[in-house]
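Please treat every number below as a calculation from the coordinates, not as lab data. Note that the structure is a prediction, hence the values are computed from the model and not measured. Virtual Cβ from ideal backbone geometry, glycine too; neighbours counted across all protein chains shown.
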Protein chains: 2
Amino acid sequence: MSRESKVNISLNVLDNHPFLRQTLELVADKWVVAVLYVLSNGTKRYGELQREIGDISQRMLTKSLRDLERNGLVNRKVYPVVPPVVEYSLTPLGESLNGVLKSLCDWSNQNFDAVEAARDKYDKQTLCS
Amino acid sequence: MSRESKVNISLNVLDNHPFLRQTLELVADKWVVAVLYVLSNGTKRYGELQREIGDISQRMLTKSLRDLERNGLVNRKVYPVVPPVVEYSLTPLGESLNGVLKSLCDWSNQNFDAVEAARDKYDKQTLCS
DNA sequence: CCGGATCCTCCTGGATACTG
DNA sequence: CAGTATCCAGGAGGATCCGG
């Protein structure tokens, strides 16, 4: 069974914050965040997710959805018809996590210009060395 | 110049949230978060960081510190003595980002048992299939 | 003590083809 | 439509050696 192992994070220090580490594993993934974001707009089918995210491969979309489902962040509802219909939606847990990601997004909007400024400065410096 | 390219995230949908994507690139990294966390306890030297994180390679520690410095999240202070002394500390920007990570940590402490319960349930189900 | 440069391995993830 | 199975390249990251 192809359950690809997640990045194994084992930090001496962070073991004091046992759950931070694991929660980061939850969301520190490009596609997982994309799926969470799209689903925050409501229930979507597999094909819709694929289209809206755009450049995700089937393999990664499926894998991300399985992970999210396993972690209780996303609901998967299968309608036994042909052709098959499968609907994905956020669980309450998923929605609450999305709220936290939103606060990260807020930080971005307020502070990312500072990050870019720092980058420019750093790159300019190291260019002259 | 060995600037290894970061994961290139280009999402049709997430382009609406231009900075969320980039901020995630900032912190969606195992070691970067570890460094941020250790530095939240105050100024540290290179060797201290290495010891406290424990299982980080020199290569990755250096790389993470360079990235953090470039992004304006960490200060690097070199004392021109022999043997060399280098001190790392959070910038105000880094501290504010740490605050957001803290809220992620809070979410963990409140909700991670639910995640684990979902995992158990999922694994038990799929085991019987 | 603080790293830079290199080598080398393994894993991630895209492409493709195929099913119920 | 909604996936699964397989193959494969590219890059991340650890180990190691070296240098100021």
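Remarks
- When chain A is treated as a Gaussian network with alpha carbon springs shorter than 10 Å, the biggest mean-square fluctuation among A:Gln22, A:Gln110, A:Gln58 belongs to A:Gln110.
- Short to long, the 5 Å bins of the Cα pair-distance histogram for the protein assembly as shown hold 1, 5, 12, 16, 18, 16, 12, 9, 5, 3, 2, 1, 0, 0, 0 percent of all pairs.
- Label positions at B:Cys128 and A:Gln110, each projected 7 Å from the Cα along the C-beta direction, are separated by 4.8 nm.
- Spread over its residues, the convex hull of the C-alpha atoms of chain B is 179 Å³ per residue.
- For A:Ser40, inter-copy label distances in nm, listed shortest first [label point 7 Å out on the Cα-Cβ vector]: 2.1
- Nearest 10 degrees, 0 to 90: helix B:92-127 Cα axis against chain B principal axis: 30 degrees
- Relative contact order %, chain B, counting alpha carbon pairs below 8 Å whose residues are six or more apart: 19 percent
- Calculated [θ] (222 nm, deg cm²/dmol) that DSSP helices of n ≥ 4 give over chain B, each run adding -39,500 (n - 2.57): -19500 deg cm²/dmol
- Shortest first, B:Lys121 label-point distances to identical copies amount to 4.9 nm, with the label point at 7 Å from Cα along Cα→Cβ.
- Top of B:Asp29, B:Asp113, B:Asp55 by mean-square fluctuation, Gaussian network on chain B, Cα under 10 Å: B:Asp113
- Listed residue pairs exceeding 22 Å between alpha carbons, taken from A:Lys44/A:Lys102; A:Lys77/B:Lys121; A:Lys121/B:Lys102; A:Lys102/B:Lys44: A:Lys121/B:Lys102; A:Lys102/B:Lys44
- Rounded Å value of the spacing that divides the Cα centres of segment B:61-94 and segment B:27-41: 13 Å
- Gaussian network model of chain A, springs between alpha carbon atoms under 10 Å - residue of A:Glu116, A:Glu52, A:Glu69 with greatest fluctuation: A:Glu116
- With Cα atoms, 0 to 90° folded angle of helix B:30-39 axis to chain B main axis: 60 degrees
- The angle between the Cα long axis of helix A:58-70 and the longest principal axis of the Cα atoms of chain A comes to about 80 degrees, rounded to the nearest 10.
- Nearest-first distances (nm) between copies at A:Pro92, label 7 Å from Cα via Cβ: 4.1
- Of all chain B residues, the one whose C-beta is nearest the axis that brings B onto A, in angstrom: B:Ala28, 2
- FRET efficiency, B:Val82 to B:Gln58 (Cβ-Cβ, R0 25 Å, nearest 0.05): 0.80
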